[in-house]
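The values are calculated or read from the model by the stated rules, or taken from the named source; none is laboratory data. Predicted, not measured: the structure shown is a model, and the values here were computed from it. Note that each Cβ is placed from the backbone with ideal geometry, even for glycine, and that neighbours are counted across all protein chains shown. SASA here: full protein model, heavy atoms, side chains in, ligands and nucleic acids out. Shrake-Rupley method; radii C 1.70, N 1.55, O 1.52, S 1.80 Å.
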Protein chains: 6
Amino acid sequence: MEMEKDLSDRVLRVFNDGVLNIDYAQNLIIIKTMSGMAMAVAACLDSLSCFGMIGTEIMGTIAGDDCIFCAVKSEENAIVAIEKMRDLLR
Amino acid sequence: MEMEKDLSDRVLRVFNDGVLNIDYAQNLIIIKTMSGMAMAVAACLDSLSCFGMIGTEIMGTIAGDDCIFCAVKSEENAIVAIEKMRDLLR
Amino acid sequence: MEMEKDLSDRVLRVFNDGVLNIDYAQNLIIIKTMSGMAMAVAACLDSLSCFGMIGTEIMGTIAGDDCIFCAVKSEENAIVAIEKMRDLLR
Amino acid sequence: MEMEKDLSDRVLRVFNDGVLNIDYAQNLIIIKTMSGMAMAVAACLDSLSCFGMIGTEIMGTIAGDDCIFCAVKSEENAIVAIEKMRDLLR
Amino acid sequence: MEMEKDLSDRVLRVFNDGVLNIDYAQNLIIIKTMSGMAMAVAACLDSLSCFGMIGTEIMGTIAGDDCIFCAVKSEENAIVAIEKMRDLLR
Amino acid sequence: MEMEKDLSDRVLRVFNDGVLNIDYAQNLIIIKTMSGMAMAVAACLDSLSCFGMIGTEIMGTIAGDDCIFCAVKSEENAIVAIEKMRDLLR
């Protein structure tokens, strides 16, 4: 939690404003967002990951318009990563 | 099939003009489109889904330039969803 | 201002969290955003415009990664539109 | 007009299905499209340009989600290019 | 290897300059690139594939900002395709 | 020119490999790139700008597939910025 306070607040706020649903299928995490907010939420995931608030399970992330795919190694990793993401949703 | 007729025609026409191939690998449906048409075809999928012409198996969709990935829960769901998509190709 | 209260709050919050600077050059408005938030802020502009909180001067909007271009007819229109946008920044 | 007939039909059909409005402001042409179809319409413009159905006034084209910007050298060029585009709309 | 020499050099140079890491998870290949270079590296993959320097295992490719997902039929195909890609990294 | 040598080389190489043409129309700089390389070249412009190798005339940049628009305040600024960009092309 060493992230600069104001930036941290902003990132968490955008993450919470943008995310509608988080689920997974096998080794793919699927995050549904408000329309047009997928890239912004993916940028939040990057920031949160840099600051250790999300684990290192995620191998790669691609954002579309209202949907993000995160690839992880296995279903177990998906479950762990989703748990951490959901903890960030107030 | 309650979609407004003219819009419905337009959406099906763009879907047919854009799609080159539909296949799947495990829980991922891969739709190849004409170059530059992936976003347009994905928008068609959204419309078709809103109006019940495609099922609710699809968890999320991301479009690139000439390729769309749709995530579904399982291989079985992929097969069902692809069948419905192919029915829309004249 | 008939926008549903919670959505309205969310849109304004994302707009405020995302926008770094608004300026213009001739008939082009240039909005700089947080990295990765241009599409989200552009979606906010669409919502705000739908609900009459931003005028009809804007002819078209394209979002990149951290920058949005809005085309207007003239420099005068740019000045008017920017004024309205800045009023939404708390 | 040496474009292969079937491809030509497809391109013109997508162009007509996608375009909602064409206008300009100074040296910028602004094409509004159906949601999600800007990239597809821009790809049509490229094809039409390759086959001489649209002139060489266009210096560069960028597509967003539902909007395309085409840069031309001057207002006069914008007017000429728009005229040709509108002739392709049935 | 019939690719025109100068273009071939350019494509391989961009591929090498852009790629940071190549890995896979089940039937998904994940290529991490320099920031902003995913689309360019994906275009290289297309060129390399056209000229037979990469196999036909890849069913579809989507590029984000700094990450590319390639879908293949199976884990075995992923391993084969990655091997070929790594051979192109000097 | 305090950029780390290896990164600097890489950025300049991608910039040179990607750019096909640089021109302007009024206050808009239009950079044509190899197909799929617009985002990568725009990322180079960002890096080069951070390290003072390109001036501060540029107000905002948006990249498409093979084309970049840079907005500047005036035609004079466009001419100055283009001159600096061309100096980086070997």
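Summary table below
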{"read-out": "Karplus-derived 3J(HN,Hα), 6.51/-1.76/1.60, for each residue of the stretch E:39-54, Hz, glycine and proline x", "value": "5, 5, 5, 5, 5, 4, 4, 4, 4, 4, 5, 4, 9, x, 7, 10"}
{"read-out": "Surface per residue (accessible, 1.4 Å probe) for chain F, Å²", "value": "42 Å²"}
{"read-out": "Three-way shape call for the stretch F:1-51 based on the alpha-carbon gyration tensor, with the a/c threshold at 1.5", "value": "oblate"}
{"read-out": "Debye intensity ratio in log₁₀ form over the Cα atoms of the protein assembly as shown, taken at each q of 0.05, 0.09, 0.11 Å⁻¹", "value": "-0.19, -0.65, -1.02"}
{"read-out": "Given charges at Cβ of Lys, Arg, Asp, Glu: the stretch F:11-90 dipole, positive-most of F:Ile29, F:Ile54, F:Ile82", "value": "F:Ile54"}
{"read-out": "Amide H contacts under 5 Å for D:Gly60, placed H, 5+ residues apart", "value": "D:Ala71"}
{"read-out": "Position B:Ser8, label points 7 Å along Cα→Cβ, spacing to each other copy in nm (shortest first, one decimal)", "value": "3.3, 3.7, 5.4, 5.4, 6.5"}
{"read-out": "Given charges at beta-carbon only (K, R positive; D, E negative), |dipole| of chain E in Debye", "value": "100 debye"}
{"read-out": "Other copies of C:Gly52: label-to-label distances in nm, shortest first, labels 7 Å along the beta-carbon direction", "value": "3.5, 5.2, 5.3, 5.3, 6.7"}
{"read-out": "Part-to-part distance (alpha-carbon centres) for the stretch B:39-90 and the stretch A:1-30, which is given in Å", "value": "26 Å"}
{"read-out": "Axis-proximal residue, chain E, for the rotation superposing E on F (Cβ, Å)", "value": "E:Ala40, 2"}
{"read-out": "Solvent-accessible area buried by E and B, counting both chains, probe 1.4 angstrom, square angstrom", "value": "1000 Å²"}
{"read-out": "Relative contact order of the stretch F:16-72, pairs being alpha-carbon contacts under 8 Å that are 6 or more residues apart, as %", "value": "38 percent"}
{"read-out": "Over chain E: helical MRE at 222 nm, DSSP H runs n ≥ 4 each giving -39500 (n - 2.57), nearest 500", "value": "-14000 deg cm²/dmol"}
{"read-out": "Reduction of at least 50 Å² in accessible surface, 1.4 Å probe, comparing all protein chains with the chain by itself, residues of the stretch F:38-60", "value": "F:Met39, F:Met59"}
{"read-out": "Inter-copy label distances at E:Lys84 (7 Å, Cα→Cβ; nm, one decimal)", "value": "3.4, 3.4, 3.9, 4.3, 5.3"}
{"read-out": "Sequence-distant residues sharing a close amide H with E:Tyr24 (under 5 Å, placed H)", "value": "E:Ile30"}
{"read-out": "Average partner coverage of E:18-24, which counts Cβ from other chains inside 10 Å", "value": "2"}
{"read-out": "Karplus (6.51, -1.76, 1.60) ³J(HN,Hα), θ = phi - 60°, over the stretch A:55-71, in Hz, Gly and Pro reported as x", "value": "x, 9, 5, 6, 8, x, 9, 10, 10, x, 8, 10, 8, 10, 10, 10, 8"}
{"read-out": "Rounded to 5, the percent of DSSP beta bridges in chain E classed as antiparallel", "value": "100 percent"}
{"read-out": "Anisotropy class of chain D from Cα gyration tensor, a/c 1.5 cut", "value": "oblate"}
{"read-out": "When each of A:Lys32/E:Lys73; B:Lys73/C:Lys32; B:Lys5/C:Lys5; B:Lys32/C:Lys5 is checked by Cα-Cα distance, pairs over 30 Å", "value": "B:Lys73/C:Lys32; B:Lys5/C:Lys5; B:Lys32/C:Lys5"}
{"read-out": "Gyration tensor verdict on the stretch A:33-72 (Cα atoms; rounded if a/c is under 1.5, prolate if a/b is larger than b/c, oblate otherwise)", "value": "oblate"}
{"read-out": "Carbon/sulfur fraction of accessible area - chain C, other protein chains in place, 1.4 Å, %", "value": "51 percent"}
